[in-house]
Amino acid sequence: MTKISNNHVLAADIGGTNTRMAVVNENGDILALLKKTTYCKDGRDKMIKFIVSCAEETIKESRLPKEEICGMGIGFPGPLNVETGTIFNPPNLNGWDNIPLRDILEKELRVPVAIENDANAAALGEWWKGAGSGTSSLFCITLGTGVGGGLVMDGKIWHGASSIAGEIGHTTVIRDGIQCTCGNIGCLERYACSGGILKRVNDALLREGDHAGLQPLKDLKQVSHMVMQGNEIVLNIIKETGVILGIAIANIANLLNPEIIVLFGGVTNLGENLVGPLKEEVNRRAFKKATESLRIELSQLGDNSGILGAAKNILSKL
Ligand SMILES: [Zn+2]
């Protein structure tokens, strides 16, 4: 019971592109932070070696003796079994199929390891030290290359019966909408992830624009630039994205009645043109009782949400 005041843990946010790893104390202070491009191109075994070497490097950087590291928390792209720490088959990582990552890392690092879905880890981080600090119920929506979600109630992640809870990105927002990679049609993700927005913008410019020879836009920075230049076609797609997100969030508000919904990820850089119509739509659709107590805010921790959530997850298990 008393030992907790000295706890330091390793915390990792491992993505298909970037890996961030830190040594974190029980107050949520980051003592050392490592950022690397994820080494995943040579398959699973090499990637596990990469994770172990990052862990050792991060501990070294923290200047703490290895014995002072009491555990390791990890945010990893799903799907995975949080009970056993087994990774099923993440779409962005080759060769990962039913891999007992927790057991492998516990053997290598000789500390307890807890693995959580990356969106859930971000939600827990924002609840612990970010925009949702002090709240009893939080829903966090990650808006990046995909759309994910995590629900924290009374300081605990809600996983559901089979670890699917929170997957707001694959709820239906358009009845006869765009085909999604998950097999459904009209999923929120297809409209609100960065690639989905980019495709809808480029399609609209092709359909309605009068710019012969215009090159397709390549990223959301270019999209923002077009909006700043006053392009109405692009602006309308951003506003429409806000409305579609607002529909999904109104459903969350009525279903779960959370205190706060945190928006996280690169798509939020589209700013007020996205968030303004989003909030209006939530207010238009959800119960007044649900919206008058609801805050919709941007992430406060940014890239550190996942790390701090992973840290909190293992700290709460020690
Ligand atoms: Zn889907």
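In debye to the nearest 20, how big a dipole does region 134-299 give about its Cα centre with +1 on each Lys and Arg Cβ and -1 on each Asp and Glu Cβ? Don't skip to the end; give the middle numbers.
Values: 15 positive and 16 negative charges, 35 e Å.
Using Cβ point charges on Lys, Arg, Asp and Glu, region 134-299 gives about 160 debye.
Based on DSSP H runs of at least 4 residues, each adding -39500 (n - 2.57), what is the mean residue ellipticity at 222 nm of the chain after dividing by all its residues, to the nearest 500 deg cm²/dmol?
-12000 deg cm²/dmol
Among Met153, Leu205, Leu217, which residue has its Cα positioned farthest towards the positive end of the charge dipole of region 134-299, with +1 placed on the Cβ of Lys and Arg, -1 on the Cβ of Asp and Glu, and the dipole taken about the Cα centre?
Positive-most Cα among the choices belongs to Met153.
What percent does the relative contact order of region 216-318 come to when contacts are Cα pairs within less than 8 Å and at least six residues apart? Please list the in-between numbers first.
Working: 91 pairs, mean separation 31.7, N = 103.
Relative contact order, region 216-318: 31 percent.
Output the direction-averaged projected area (hull surface divided by four) of the convex hull of the alpha-carbon atoms of the chain, in nm².
On the way: hull surface 69.9 nm².
Hull-based average projected area comes out at 17.5 nm².
Kyte-Doolittle mean at least -0.5 and Cα extent at least 30 Å along the axis: which DSSP H helices of the chain qualify?
Span-like helices in the chain: 232-256.
What whole-number distance in Å separates the alpha-carbon centres of region 170-226 and region 250-315?
22
Between beta-carbons, use under 15 Å as the cut-off and find the net charge around Arg63, counting Lys and Arg +1, Asp and Glu -1.
Its environment carries a net charge of -4.
Take the eigenvalues of the Cα gyration tensor for region 134-299, scale each by 5, and report the square roots as semi-axes in whole Å, largest first.
Working from the Cα gyration tensor, I get semi-axes of 29, 17, 14 Å.
In a shell of Cβ-Cβ distance under 14 Å around Asp303, excluding Asp303 itself, what net charge do Lys and Arg (+1) and Asp and Glu (-1) give?
+1
Using Cα-Cα distances under 8 Å and only pairs 6 or more residues apart, what relative contact order does region 134-299 have, in percent?
Reported relative contact order: 24 percent.
Trp158 to Arg63: extension gain in nm, 0.36 nm per residue of separation minus the Cα-Cα distance?
30.7 nm
Grab the other residues whose beta carbon is less than 13 angstrom from that of Ala131, score K and R as +1, D and E as -1, and report the net.
Around Ala131, the surrounding residues sum to -1.
Relative contact order of the chain: what whole-number percent is it, with Cα pairs under 8 angstrom and at least 6 residues apart?
This gives 20 percent for the chain.
With the chain treated as a Gaussian network of Cα nodes joined by springs under 10 Å, which of Arg284, Arg175, Arg200 yields the largest mean-square fluctuation?
Its mean-square fluctuation being the largest, the pick is Arg175.
Mind putting a number on the dipole of region 167-206 about its Cα centre? Charges go on the C-beta only, +1 for Lys and Arg and -1 for Asp and Glu, and I need it in Debye to the nearest 20.
80
Assign unit charges at the C-beta atoms only (+1 for Lys and Arg, -1 for Asp and Glu), then state the dipole size of the chain relative to its Cα centre in Debye, rounded to the nearest 20.
So the dipole magnitude of the chain works out to roughly 100 debye.
Of all DSSP beta bridges located in the chain, what percent are antiparallel, nearest 5?
Once the DSSP bridges in the chain are tallied, antiparallel ones form about 60 percent.
Considering only Cα-Cα distances, which of the following residue pairs are longer than 29 Å: Lys60/Lys156; Lys156/Lys239; Lys41/Lys107; Lys288/Lys312?
Numbers: Lys60/Lys156 31 Å; Lys156/Lys239 34 Å; Lys41/Lys107 24 Å; Lys288/Lys312 33 Å.
Where the Cα-Cα span goes over 29 Å, the pairs concerned are Lys60/Lys156; Lys156/Lys239; Lys288/Lys312.
Provide the FRET efficiency to the nearest 0.05 for the Asn6-Asp103 pair, computing r from the beta carbons and using R0 = 30 Å.
Efficiency for this residue pair is about 0.70.
Bear in mind these aren't lab numbers, they're just calculated from the coordinates by the rules spelled out. For clarity, every value in this text was computed on a predicted model and none was experimentally measured. No Cβ is skipped: glycine too gets one built from the backbone with ideal geometry, and neighbour counts run over all protein chains shown.
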